[in-house]
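Read the structure below first, then the notes.
Values in this text are rule-based calculations from the coordinates and carry no lab data. Keep in mind the model is a prediction, meaning the values are calculated, not measured. FYI the Cβ positions are ideal-geometry reconstructions off the backbone, even for glycines, and counts take in every protein chain you see.
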Amino acid sequence: MMDILEREVSSGVMYRQHLLLFWICGLVAVPAISGCSDPVQPPSPPEPSMGYEVLEPGVQVAVQASIEQVHAKPNVPPARLQLAITYHGNDLPNEAMLTYQQILDLDPDAARAWYGLALIHDRAGNPEEALKALQEVRSLAPSYVPAIWKAGYIHLESGRINDAIKAFNETLKISSQDPAARTGLARAALADGRPADAARVLESLRQQLSNSYLDFLLGQSYRRLGREDEAAMLLAKVQGDPPRFNDPWQDTIINAGASYEARIDHVDRLIQSGAYREALEKARTTMEQKPDDLPLLHRISQIQALQGQNEQAVRTLKRALRVDDMYAPTHLNLSIRYQVLKNMTLARRHAARAVELNPKMGEAHLQFARLALADDNIFPAATAMDRAFEYGIQDPESRLMYAHVLTRTGRFDEAQGQYMRVLELDRNRGICWAGLADIHLLRNDLVSAAETIQEGLARAPDDPQVQKLAQLVKQRILQHSREQGGKP
Amino acid sequence: MRRWRHRGLLLLLAGTLPVGCGGGDTGSNRDQPAASAADPAAPWFEDVSGPAGVDFMWKSGHESRFLMPEIIGGGVALLDIDGDEDLDLYFVQGGQIERALQIPPANEIGNQLFRNDGDWTFVDISEGSGADDRGYGQGVATGDYDNDGDLDLYVTNVGANTLLRNDGNGQFVDVSVTSGTNHPGWGASAAFLDYDEDGWLDLYVTNYVTWSVETEIDCFGSTGQDYCSPKNYAAPARDVLLHNLGNGRFEDVTTKAGIDAKMGNGLGIACADFDDDGWTDIFIANDGMQDMLWHNKGDGTFEEMGLLAGCALDDEGKEKAGMGVTTTDIDNDGDIDLLVCNLSGESDSFFRNEGSYFVDATAMSGLKTATKRFTRFGMAWLDFDNDGWLDLFEANGAVLRDPVDEHSDPYAQENMLLAGSPDGRFSEIKPRGGVAKPIKLTSRAAAFGDLDDDGRIDIVVVNRDAKATVLRNISPGNGHWVTLRLLDANGRDAIGARVTATVGSRRLTRPVLTSYSYLAANDPRVHLGLGTSSRVEQVLVQWVDGSQERYGPFPAGSTRTLRQGEGSP
């Protein structure tokens, strides 16, 4: 792909020279005198290099619409910018580059075109080209700080730590609390072997911003400083979830994704950010192209449920069922919704159907277990949870439920194992200490119960479950003492 | 992670001791003095698959539906099947998934075995070899699980895996059921390792996704329907640890050993003693999830500590699409480093071992920008030009279609070769891939080894729906080399041992392993590029059981067999 990119970049440069000639000619009153015979038209917008047929229908429509706009307004850079963004946001980087180049030929001061080029070069592993383009952005739009910190990150990726630090500090001169720049400074310090400096920046930044990535970087810093316990506490909970720093120009490109998959992603991003109305609108617009699409119907139902409209959510899922009643996730989600609506009969029926349709669906087994637990059917719950954990369930909250079920079914060793795994993530999780102490009590091991709950009290003194178990342990010890004739 | 504190001292002493112990010469001294600077434009490899008679194509079986396994396989192994001291080739075949999943598998095509007849001639001896497993194949691991002195094969499939016992003459017997290794599920990379140091090779199998044809889902990209990401399934799978009981049977100890504590979308594997505590640890590259480091606690159990050790995520905090893995001491500081490859747009992750934790040093090595362009799978850090510095080869191929015309392979990409240098940075060799004319295919597994015993590492690359590539090393320059084969007390390749070779003022530390790269099993021998040095002064071997012996000196240009018990203490 890069060879094509490189070839097309150079053809773009040649094209710019051609355009320059065009504009000079356009300024001359009598073309014949200057040697310009025919008036030269603005360049045609590039079409998809492999034709339209290979494009997904949504992308085809978006590209064609953008190209029509360019044809309608050939000298208007914003129309071409929209086309470039459409190509860019739909993973057609060669066409996007050509279009960005056309924009720059028309208007060399088009900062957003330079920015688009920078992003493409960066992704393609051409850091020097990306930096050149970002430098243009900086001179044209000096207040657009993402162009500055992005250069810092590219320097960082290229191993030029001092240049990276310089760029991050320049960002901070304009935007003194910029989280991207401060995060960059922390990363530069880590890369430079200065974990104490990194920790200082991150500790301060975490007061401004809560993000798993900052915990990850701080955990790394502590690890390198030998503060292993603190590192372990932070790192145990880290998710692979890098922060999305504020970058409106890049967001426009991402949101231009017109394929079905890109639109679904966009809906998910909107749901994640709590923009439910916009998410619903986006989902419904997408459904105009793909009526009765199951993943979209599920998202609409999800949004309705998040807005507390459970009956509507059920109606949407029933529509999904009419489209395909063999789709296991529909039955699973219906089961969950019916459970919320306290219709346990239908909740059970759909959970069973989901398991029947996809016996390896961990979530379906988990739902089955939840319903069994709600009915206090502990052994069926245990069986369902065994399956759930065989087929991919491994989150801490489900582990706690599993540990509880295992304890109640007398599978103490396994229950202990599940509590220990949750404790590996968070040593201060009171419920685990309480659960472990409870198991010791059930085994009549009062000494271990007392030791365990003491540790629980030390780590989670305010946890009501720890306190409750501490009381219970105390009672059992006193009872035991009485039985032993008052000896402790 | 604890660190073995005495190693540095021992090495220092080792360097001062008189040499001359052990090590049988099984090869001639064919080395030549180093020549002057080589032509920088000269190719390092040439594709000899056609003339060599290696006619293998991994068939995805793709028709209309986009079934996920079609884009993941397939694997290849380099191993000496018949004891004639050259590397033969074993290819894992895909085929037609639904047929392969029938019991017994009804795939029309099976895995293929090619005997190395020397002089770059390979002969297909699959028929009647017993090795032509008919499952929908993904990867392969090699190891002498029965301690009879020859390498056996473990094939991972979509569906039940297969253990093939080598009788030493190129004949294999399927012992999957009787050995208890026919684990179902979607196996990817696997590795033999002696995790409990009882003298028998155990087996770790990565599993990719909990998947079936019936539950396959439709996914779309900008060019229409395409293969899904594992994230679309949200169905990570549990890996499997099988303990070798020494009687031909294995026990599933996944739960007992604590491996069931975490599931992932496992694809790549590398086993080595990363924390220098004397026990073999296991690193797993997961696709779209955190990579895992299973720390061997030495009591038969493991704990996952990738995040704490700093090798679960890169310095951007991303869960990358981990696929291939390579591992060695890249910076010559005596500990074992890691390199994981990922999707296009995501760089490789170079986790430099700092003793008790890893540091993401990808940017400082130049790999952050150089490796972003392609989607990488098979890979290795090896000294391909024998200049004394490890290089990097990566076999590439996309998992999402590029918009190309209907006659072209929309997943095809060129492979990459990057040259290592004394400053620790890598630079790409052009023409791309180190061949005169870049080869653009959808490459997956790459296996590495010296196929013609000339002291230069050759490469075999498996390509999706295209013929495999056999890359003969013709690298310019006349750097020196030594190849070491390590045999333990049982007479088998000492997988899990570690070599530290003193070459001039440098100490080159190399793990003995076959499972690295992607879905591949590699030459079990340790290859050392020496540059202009004319000999290895001394080799310190740390055997799997913790004992240490010294061997050497060895002149450049020779292949040596080091047997446990024949060195000096």
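Can you spot a residue in the stretch B:442-452 that is closer than 16 Å to B:VAL325 by Cα, in contact with a helix residue (DSSP H, G or I) (Cβ under 9 Å, 6 or more places away or on another chain) and either within 14 Å of another protein chain (Cβ to nearest Cβ) or outside any strand (DSSP E or B) (or both)?
No, the conditions are met nowhere in the stretch B:442-452.
Residues in the stretch B:345-358 that are more than 8 Å from every other protein chain (Cβ to nearest Cβ) and touching a Leu at 6+ places or on another chain (Cβ under 9 Å): how many?
7
Taking the stretch B:462-489, which residues are over 21 Å from the mean Cα position of the chain (by Cα) and β-branched (Val, Ile, Thr)?
B:ILE474
Scan the stretch B:360-387 residue by residue and report those that are away from chain A (no Cβ under 14 Å) and either on the phi < 0 side of the Ramachandran plot or without any contact (Cβ under 8 Å) to a residue 40 or more places away in the chain (or both).
Selection gives B:PHE377, B:GLY378, B:MET379, B:ALA380, B:TRP381, B:LEU382, B:ASP383, B:PHE384, B:ASP385, B:ASP387.
In the stretch A:322-369, what residues are touching a Leu at 6+ places or on another chain (Cβ under 7 Å) and without any contact (Cβ under 8 Å) to a residue 24 or more places away in the chain?
Result: A:LEU334, A:ARG348, A:HIS350, A:ALA351.
Residues to consider are A:ARG284, A:ARG269; find the one that is within 19 Å of the chain's Cα centre (by Cα) and of a type outside the set (Phe, Trp, Tyr). Working first, answer last.
Details: A:ARG284 fails: within 19 Å of the chain's Cα centre (by Cα).
Only one candidate passes the filter, namely A:ARG269.
Hey, can you tell me all the residues within the stretch B:89-105 that are at negative phi and more than 16 Å from the chain's Cα centre (by Cα)?
Within the stretch B:89-105, B:GLN93, B:GLY94, B:GLN96, B:ILE97, B:GLU98, B:ARG99, B:ALA100, B:LEU101, B:GLN102, B:ILE103, B:PRO104, B:PRO105 qualify.
State whether one or more residues within the stretch B:200-210 are closer than 29 Å to A:SER259 by Cα and facing another protein chain (nearest Cβ under 8 Å).
Within the stretch B:200-210, one or more residues are closer than 29 Å to A:SER259 by Cα and facing another protein chain (nearest Cβ under 8 Å).
Looking at the stretch B:388-408, can you tell me whether even one residue there is in contact with an Asp or Glu (Cβ under 6 Å, 6 or more places away or on another chain), over 22 Å from B:VAL536 (Cα atoms) and more than 12 Å from chain A (Cβ to nearest Cβ)? Lay out the reasoning, then the answer.
Of the stretch B:388-408, the ones in contact with an Asp or Glu (Cβ under 6 Å, 6 or more places away or on another chain) are B:390, B:400-401.
Next cut, over 22 Å from B:VAL536 (Cα atoms) only: B:400-401.
Remaining after also requiring more than 12 Å from chain A (Cβ to nearest Cβ): none.
No.
Could you say whether any residue in the stretch B:263-272 is surrounded by 24 or more Cβ atoms within 10 Å (Cβ to Cβ), more than 14 Å from chain A (Cβ to nearest Cβ), under 25 Å from B:SER229 (Cα atoms) and touching an Asp or Glu at 6+ places or on another chain (Cβ under 6 Å)?
Yes, some residue in the stretch B:263-272 is surrounded by 24 or more Cβ atoms within 10 Å (Cβ to Cβ), more than 14 Å from chain A (Cβ to nearest Cβ), under 25 Å from B:SER229 (Cα atoms) and touching an Asp or Glu at 6+ places or on another chain (Cβ under 6 Å).
Tell me, which helices (runs of 4 or more DSSP H) lie completely within the stretch A:208-270 with 3 or more residues that are under 19 Å from A:ALA189 (Cα atoms) and more than 9 Å from chain B (Cβ to nearest Cβ)? Show your work before the answer.
Working: elements: A:212-224, A:228-236, A:248-255.
Correct list: A:212-224.
Can you find even one residue in the stretch A:288-304 that is polar (S, T, N, Q), touching a residue at least 24 places away in the same chain (Cβ under 8 Å) and surrounded by fewer than 20 Cβ atoms within 10 Å (Cβ to Cβ)?
Checking the stretch A:288-304: at least one residue is polar (S, T, N, Q), touching a residue at least 24 places away in the same chain (Cβ under 8 Å) and surrounded by fewer than 20 Cβ atoms within 10 Å (Cβ to Cβ).
May I ask you to list the residues in the stretch B:218-249 that are over 30 Å from A:GLY58 (Cα atoms), of a type outside the set (A, V, I, L, M) and facing chain A (nearest Cβ under 9 Å)?
Passing the criteria: B:PRO236, B:ARG238.
Taking the conditions exactly as written (over 22 Å from B:ASP55 (Cβ atoms), in contact (Cβ under 8 Å) with a residue 60 or more places away in the chain and in a loop (DSSP other than H, G, I, E, B)), does B:SER421 satisfy them or not? Please lay out each step first, then the result.
Numbers: over 22 Å from B:ASP55 (Cβ atoms): yes; in contact (Cβ under 8 Å) with a residue 60 or more places away in the chain: no; in a loop (DSSP other than H, G, I, E, B): yes.
No; evaluated as a whole, the condition is false for this residue.
Pick from B:THR255, B:THR156, B:THR181: which is β-branched (Val, Ile, Thr) and within 11 Å of another protein chain (Cβ to nearest Cβ)?
On the way: B:THR156 fails: within 11 Å of another protein chain (Cβ to nearest Cβ); B:THR181 fails: within 11 Å of another protein chain (Cβ to nearest Cβ).
Going through B:THR255, B:THR156, B:THR181 in turn, just one is β-branched (Val, Ile, Thr) and within 11 Å of another protein chain (Cβ to nearest Cβ): B:THR255.
Scan the stretch A:155-183 for residues that are over 20 Å from B:PHE358 (Cβ atoms) and in contact with a Ser or Thr (Cβ under 8 Å, 6 or more places away or on another chain) and jot them down.
A:SER158, A:ILE174, A:ASP178, A:ALA180, A:ALA181, A:ARG182
Of the residues B:ASP337, B:ASP291, which single one is among the acidic types (Asp, Glu), buried (at least 22 other Cβ atoms within 10 Å of the Cβ) and touching a Cys at 6+ places or on another chain (Cβ under 8 Å)?
So the residue among B:ASP337, B:ASP291 that is among the acidic types (Asp, Glu), buried (at least 22 other Cβ atoms within 10 Å of the Cβ) and touching a Cys at 6+ places or on another chain (Cβ under 8 Å) is B:ASP291.
Quick grid of which residues meet (1) within 21 Å of the chain's Cα centre (by Cα); (2) surrounded by 24 or more Cβ atoms within 10 Å (Cβ to Cβ):
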| residue | (1), (2) |
| --- | --- |
| B:TYR357 | no, no |
| B:MET364 | no, no |
| B:LYS368 | no, yes |
| B:PHE377 | yes, yes |
| B:GLY388 | yes, no |
| B:VAL399 | yes, no |
| B:ALA412 | no, no |
| B:GLY433 | yes, yes |
| B:PRO438 | no, no |
